[in-house]
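The structure appears right after this line, and notes come after that.
Taken together, the values in this text are just the output of simple stated rules run on the coordinates, not laboratory data. What you see is a predicted model, and the numbers here were worked out from it, not measured in a lab. Here Cβ is always computed from backbone atoms with ideal geometry, including for glycine, and neighbour counts include all displayed protein chains.
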Ligand SMILES: [Zn+2]
C-alpha cells in the first residue's frame, strides 16, 4: 500500500475516532443522568434496563475506539491492510467500508462461527 493511500485511511480512521469519541461522550452522559430522580420499583427496573443498554453502547464505543487505535498503530507499523489472523491482504472493498477491519472476510466469518465477533 503506498503512502498516499495510507494517508487516506489515516484520515478516515481519525474521523471515525472523533465520531466514536463523541458518541462515547453522549452515552457517558446518558449513563450518568439515568439514575437521577425518585423512582418506584417498576421505574427502577426500567432504569436498570436503560442503564444496561447505555453501558452496552459504551462498551461498543470503547471497542470501536480500541479497534481504530489498533488500526492506526498498524499504519505506523507498516502492516495495515493485512489480516491479523492469516496474514493475507484484506480486500480493498472491505477496508474502505471498515478501515479498522482486523481480519479478512474469510477469517472474520471463521471467527464468528467460533462465537468471536470481530471485524
Ligand atoms: Zn485472514
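Worth pointing out:
- C-alpha long axis of helix 41-77 to longest principal axis of the chain, angle in °: 20 degrees
- Proxy reagent accessibility, fewest Cβ within 10 Å first, across 1, 48: 48, 1
- Mean sequence separation of contacting Cα pairs (under 8 Å, at least six apart), scaled by the length of the chain, corresponds to a relative contact order of 23 percent.
- With contacts taken as Cα pairs under 8 Å and at least 6 residues apart, the range 56-103 reaches a relative contact order of 38 percent.
- Given their separation in residues at 0.36 nm each and the Cα-Cα distance between them, residue 47 and residue 21 gain 6.9 nm when the chain is fully extended.
- The chain, Rg to Rh (Cα coordinates; Rh as Kirkwood inverse mean 1/r): 1.13
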